[in-house]
Amino acid sequence: MSKRSDPVLKVPKLRSSTARVLGVAEDKLFPPAAHSSKDGDSGASNDDGVKGRYSSTACLCLLNVGLAGFIAIDYDAFASIVQGFGDSVAASWMPHARSFSFVLFKSPQHALQAYEQFHLAPCPQLPGGGRRLGLAAFADPTVVPNLPPSFQAALGLADDLQPLAAVSGLTFQPEFLSESEEEELLSFIHNLPDSEWIPVHGRRVVHFGASFEYSSFSPAHQATISIYPYGRGIPPHIDIPELGTYIVSVSLHSGCTMDFRIPQGEPVHSVYLPPRSLLALEGDARYKYAHGIKERASDEVNGVVVMRGEYRASIVWRAM
Ligand SMILES: O=C(O)CCC(=O)C(=O)O
Ligand SMILES: [Fe+2]
């Protein structure tokens, strides 16, 4: 076959059961190609056949990689498969009790490259030995109900992520940082000398003293940079009162759920913090509620499982 010049995925059709499980009309998953195929596909389809060419998509479905089913795997194995796709991955998602999962790439070209490299390639993380990965294009992740926030953020749809009205004094803003600002901060963080880092219960931190100032946050006089390796968190705590009235933080590289709870009180209020989001605490959120991040491989958000990334970094500013 001659080399294709246009980056369009030609993909096997997902089983109709997958569309049913997702609660999505099949034709939504597979919009017909804008142009006809010259590769001999008729455009006719059956459940396992190839149906012409589809619009390019940045999202691949991992057809045989899921938490359920006869070759079910766990989150760690999923994370390792996703890591194998490299840094062209924008978000990944392993829904609860399903035998498939999704990876959203930074562009349709990245998805195509991953498809060509990994579809039907042996996948050592799958149990039984010698199994191959089954991939398919997933035309439009925006049609999935309860799309995980990491996907929403990656797709630029995060506007309707709600701040926690229940916790007074809590302000949350998704996509506060641009991707290039996030990159700049991460390269600053990764260039800090090893000697600056202090290990603290599974994470590591660098403190900047009262003289530290950052142009956008002039009232803040103290900052802490933390790196949480995959799955790590921080126990519930209220920052000491001496650290001032406001606490402002940003999340970098990966998201996590932060829980807020009035000590001894119920209930727990959780907010998912996607990468590049901003969180500001004052009033009750600052002084009455303890905040913490559970140690776990994934977070459940709106009923779906969102994997944690390889690490999460945060910067917390506090005025003294
Ligand atoms: O990593 C975070 O977002 C929160 C860290 C935190 O609560 C703290 O350093 O006091
Ligand atoms: Fe804190």
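In order along region 168-175, the phi-based Karplus estimate (6.51 cos²θ - 1.76 cosθ + 1.60, θ = phi - 60°) of 3J(HN,Hα) comes to 5, x, 9, 10, 10, 9, x, 6 Hz; Gly and Pro are listed as x.
Nonpolar atom fraction for region 247-320, defined as the carbon and sulfur part of the 1.4 Å probe accessible area, stands at 51 percent.
Sequentially through region 99-111, phi angles give Karplus couplings (6.51, -1.76, 1.60; θ = phi - 60°) of 9, 9, 8, 9, 10, 9, 9, 5, 7, x, 5, 5, 5 Hz, Gly and Pro residues having no value and appearing as x.
In the full protein context, region 234-320 carries 41 Å² of accessible surface per residue, based on a 1.4 Å probe and ignoring ligands, DNA and RNA.
The values are calculated or read from the model by the stated rules, or taken from the named source; none is laboratory data. Remember, it's a predicted structure, so these values are computed and weren't measured experimentally. To get the accessible areas, we keep the full protein, side chains included, count just its heavy atoms, and leave off ligands, DNA and RNA. Shrake-Rupley method; radii C 1.70, N 1.55, O 1.52, S 1.80 Å.
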